[in-house]
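Chemist: Below is one structure. I have some questions about it.
The values are calculated or read from the model by the stated rules, or taken from the named source; none is laboratory data. None of the values given here were measured: they were computed from a predicted structure. Because the Cβ atoms are built from the backbone with ideal geometry, glycine has one as well, and the counts that use them run over all protein chains shown.
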Amino acid sequence: MTRWEPNARGRLELAALELYSERGYDQTTVAEIARRAGLTERTFFRHFADKREVLFAGSGPLQERLVRGIGEAPDGLAPIDVVGATFESAAEVFGARSTMAGLRQAVVAANPELRERELIKLAALAAALADALRERGVADPAASLAAEAGVAVFKIAFGRWAGGTDEESLKQVIQDSMAELKTVAAGS
């Protein structure tokens, strides 16, 4: 019997990402993930419903935080600015985890089933943000357009940041990407 060690969830996440990167998502089993983390399969299932959830488990809390941020944003901002500021404030959730984010992005990109799941999660996020904007009094199509555009900016910014090609924080990459969207929309 192994001695208890802290951060079982984090160890499982890291073990899964390493194995998915080394062997491929489809070729990796829950038993191998647990073994690599020095834990049991039972412990794995206490933290994750299945091996996909290692990659997507944080989407629920992120969505809750973003919806709350939309509701708490100062009055008088344009809808796109509310969404942009909300994503910027949520960037701190990811901290300096660009290496793990990069591994995750590569695993998702290499698997059609995971790419589809990612798109479903992003669509649900956009719908939740549009609803939150409507609750602020933003009419459609502005609420839907701002939410969809904000999610697109986040997706692109997150991919750039996770790629680790520069030293910018995720918040800065989101700001730069939002500015680029505004430039493109203005036709400049």
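Chemist: Name the single residue, out of those in the stretch 47-60 being assigned to a helix (DSSP H, G or I) and touching a residue at least 24 places away in the same chain (Cβ under 8 Å), that is nearest to L133 (Cα to Cα).
Modeler: Taking the candidates together, the pick is S59.
Chemist: Tally up the residues in the stretch 158-188 that are more than 17 Å from V83 (Cα to Cα), touching a residue at least 24 places away in the same chain (Cβ under 8 Å) and assigned to a helix (DSSP H, G or I), please.
Modeler: 3
Chemist: Quick one: is L103 among the hydrophobic types (A, V, I, L, M, F, W, C), part of a helix (DSSP H, G or I) and closer than 23 Å to A179 by Cβ?
Modeler: no
Chemist: Looking at this structure, is K155 of a type in the set (K, R), under 19 Å from E72 (Cα atoms) and in a helix (DSSP H, G or I)?
Modeler: no
Chemist: Can you tell me which residue is surrounded by the fewest Cβ atoms within 10 Å (Cβ to Cβ) among those in the stretch 144-177 that are touching a Gly at 6+ places or on another chain (Cβ under 8 Å) and modelled with pLDDT under 95?
Modeler: Step one: list which residues in the stretch 144-177 are touching a Gly at 6+ places or on another chain (Cβ under 8 Å), which gives 150, 153, 162-164, 174-175.
Among the residues that remain, those that are also modelled with pLDDT under 95 are: 162-164, 174-175.
On the way: A162: 21, G163: 14, G164: 12, I174: 26, Q175: 19.
Among those residues, the one meeting the criterion is G164.
Chemist: Across the stretch 64-101, which residue is nearest to A127 (Cα to Cα) among those that are surrounded by 19 or more Cβ atoms within 10 Å (Cβ to Cβ) and within 14 Å of the chain's Cα centre (by Cα)?
Modeler: L66
Chemist: Step by step: first the residues of the stretch 15-63, then only those that are surrounded by fewer than 18 Cβ atoms within 10 Å (Cβ to Cβ) and of a type in the set (A, V, I, L, M), then the one that is nearest to the chain's Cα centre (by Cα). Which residue is that?
Modeler: If we take residues in the stretch 15-63 being surrounded by fewer than 18 Cβ atoms within 10 Å (Cβ to Cβ) and of a type in the set (A, V, I, L, M), then L62 is nearest to the chain's Cα centre (by Cα).
Chemist: Taking the stretch 147-175 as the region of interest, how many residues are more than 18 Å from the chain's Cα centre (by Cα) and either closer than 21 Å to L122 by Cβ or charged (D, E, K, R) (or both)? Show your work before the answer.
Modeler: Taking the stretch 147-175 first, the residues more than 18 Å from the chain's Cα centre (by Cα) are 165-167.
Next, from what is left, pick out any that are either closer than 21 Å to L122 by Cβ or charged (D, E, K, R) (or both): 166-167.
Of the residues in the stretch 147-175, 2 are more than 18 Å from the chain's Cα centre (by Cα) and either closer than 21 Å to L122 by Cβ or charged (D, E, K, R) (or both).
Chemist: Among the residues of the stretch 14-35, is any within 30 Å of A142 (Cα to Cα) and either in contact (Cβ under 8 Å) with a residue 40 or more places away in the chain or out of contact with any Pro (no Cβ under 9 Å at 6 or more places or on another chain) (or both)?
Modeler: Checked the stretch 14-35: no residue is within 30 Å of A142 (Cα to Cα) and either in contact (Cβ under 8 Å) with a residue 40 or more places away in the chain or out of contact with any Pro (no Cβ under 9 Å at 6 or more places or on another chain) (or both).
Chemist: Also, quick follow-up: Residues that are of a type in the set (D, E) and under 24 Å from G163 (Cβ atoms): does the stretch 44-51 have at least one?
Modeler: Taking the stretch 44-51 first, the residues of a type in the set (D, E) are 50.
Next cut, under 24 Å from G163 (Cβ atoms) only: none.
So far as the stretch 44-51 goes, no, none of its residues is of a type in the set (D, E) and under 24 Å from G163 (Cβ atoms).
Chemist: Let me ask another. Hey, among D75, D26, which residue is closer than 27 Å to K182 by Cβ, out of contact with any Asp or Glu (no Cβ under 8 Å at 6 or more places or on another chain) and either in the same structural domain as V138 (by TED's automatic domain parsing) or part of a loop (DSSP other than H, G, I, E, B) (or both)?
Modeler: Of the residues listed, the single one that is closer than 27 Å to K182 by Cβ, out of contact with any Asp or Glu (no Cβ under 8 Å at 6 or more places or on another chain) and either in the same structural domain as V138 (by TED's automatic domain parsing) or part of a loop (DSSP other than H, G, I, E, B) (or both) is D75.
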